[in-house]
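Trainee: Questions regarding the structure given below will be posed in turn.
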Amino acid sequence: MIMYFSLNYQWFPVAGRYDLLYEIDHVTGFALIDALLSDGPYRKEALQSVIEHMILPCLVLALSPTMQVIRMMRTSVTEVMSQNYIRAARIRGLSNYEIVIEHVLRNAIPPIIPKLGVQLSSMITLAIMTESIFNWPGVGRWLLDALSNQDTRLFKRVYWLWRLSF
């Protein structure tokens with residue numbers, strides 16, 4: 001995505017959290033909130049820069065898990081749609097909207113929920129790679145630094161911070 005959107009078309013920046021032209025005070029540590037809270041004369045441009053820098057990392061982090069959930073949901077819905085109680089609902093004269101809301105989604109979503117928990121571990125792995133590629137500071141970067149320095153104390157702190165967030 002960096003090569004295609006940043007280097008070939010120059011639509012998005014390559015790395016970092018915002019352009020270095022803008023001076024943003026680090027109040028909260030979140031670039032978007034810090035850009036909103038800044039009092040500089042170029043506040044709108046700094047906010048736009050932060051948003052432009054966020055688009056590619058957010059796409060990279062969200063694309064794979066979203067596609068997996070869509071694929072699982074599609075499989076589950078096609079399985080439920082072939083059940084006899086869906087045919088019975090159509091015979092009773094229910095509309096497609098009522099069938100989907102009352103019968104299909106209610107029975108298609110529960111098998112997917114346990115699989116979402118497994119995706120959390122893959123999201124941490126994706127966060128480590130994404131934060132190192134796009135040069136973003138975060139939990140993934142901390143974990144990568146702790147592993148490369150063999151710092152078990154930092155690794156345990158980051159792990160417990162992650163566990164407390166859920």
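Trainee: In this structure, is Ile70 out of contact with any helix residue (DSSP H, G or I) (no Cβ under 6 Å at 6 or more places or on another chain), at pLDDT 80 or above, in a helix (DSSP H, G or I) and under 30 Å from Val14 (Cβ atoms)?
Mentor: Numbers: out of contact with any helix residue (DSSP H, G or I) (no Cβ under 6 Å at 6 or more places or on another chain): yes; at pLDDT 80 or above: yes; in a helix (DSSP H, G or I): yes; under 30 Å from Val14 (Cβ atoms): yes.
Considered against the rule, which asks whether it is out of contact with any helix residue (DSSP H, G or I) (no Cβ under 6 Å at 6 or more places or on another chain), at pLDDT 80 or above, in a helix (DSSP H, G or I) and under 30 Å from Val14 (Cβ atoms), Ile70 comes out as yes.
Trainee: Now for a different question. Restricting attention to region 106-122, which residues are without any contact (Cβ under 8 Å) to a residue 24 or more places away in the chain and either farther than 14 Å from Glu79 by Cβ or more than 22 Å from the chain's Cα centre (by Cα) (or both)? Steps first, please.
Mentor: In the first step, residues of region 106-122 are kept if they are without any contact (Cβ under 8 Å) to a residue 24 or more places away in the chain; the result is 106, 110, 113-114, 117-118, 121.
Listed by number, the residues that qualify are Arg106, Ile113, Pro114, Gly117, Val118, Ser121.
Trainee: Just checking, how many residues over region 36-63 are within 16 Å of Met123 (Cα to Cα) and among the hydrophobic types (A, V, I, L, M, F, W, C)? Before you say what the answer is, go through the steps one by one.
Mentor: The initial filter retains those residues of region 36-63 that are within 16 Å of Met123 (Cα to Cα), namely 56-63.
Going one step further and asking which of them are among the hydrophobic types (A, V, I, L, M, F, W, C), we end up with 56, 58-63.
Final tally of qualifying residues: 7.
Trainee: Right, next: Could you check region 26-41 and list, in sequence order, the residues that are in contact with a Leu (Cβ under 9 Å, 6 or more places away or on another chain) and over 14 Å from Gly138 (Cβ atoms)?
Mentor: Val27, Ala35, Leu36, Ser38
Trainee: What single numbered condition from (1) small (Gly, Ala, Ser); (2) in contact with a His (Cβ under 8 Å, 6 or more places away or on another chain); (3) modelled with pLDDT under 75 fails to hold for Gly140?
Mentor: That leaves (2) as the condition not met.
Trainee: Which of the residues belonging to region 40-53 are in contact (Cβ under 8 Å) with a residue 12 or more places away in the chain and surrounded by fewer than 18 Cβ atoms within 10 Å (Cβ to Cβ)?
Mentor: Gly40, Tyr42, Glu45, Ile51, Glu52
Trainee: What tally of residues in region 81-94 results from selecting those that are surrounded by 10 or more Cβ atoms within 10 Å (Cβ to Cβ) and either under 35 Å from the mean Cα position of the chain (by Cα) or part of a helix (DSSP H, G or I) (or both)?
Mentor: The total comes to 8.
Trainee: Report every pair of residues separated by at least 6 positions or lying on different chains whose Cβ atoms are under 6 Å apart, first residue within region 26-38 and polar (S, T, N, Q), second outside any loop (DSSP other than H, G, I, E, B).
Mentor: Here the result reads Thr28/Asp34, each pair linking region 26-38 to a residue that is outside any loop (DSSP other than H, G, I, E, B).
Trainee: Residues Leu116, Leu126, Leu120, Leu161: which one is at pLDDT below 75 and either assigned to a helix (DSSP H, G or I) or surrounded by 15 or more Cβ atoms within 10 Å (Cβ to Cβ) (or both)?
Mentor: Details: Leu116 fails: at pLDDT below 75; Leu126 fails: at pLDDT below 75; Leu120 fails: at pLDDT below 75.
Leu161 is the lone residue from the list that is at pLDDT below 75 and either assigned to a helix (DSSP H, G or I) or surrounded by 15 or more Cβ atoms within 10 Å (Cβ to Cβ) (or both).
Trainee: Does Val104 meet the test of being modelled with pLDDT of 90 or more and of a type in the set (Val, Ile, Thr)?
Mentor: yes
The values are calculated or read from the model by the stated rules, or taken from the named source; none is laboratory data. These numbers were taken from a predicted model, which means no experiment stands behind them. Positions of Cβ are backbone-derived with ideal geometry, glycine not excepted, and every protein chain shown enters the neighbour counts.
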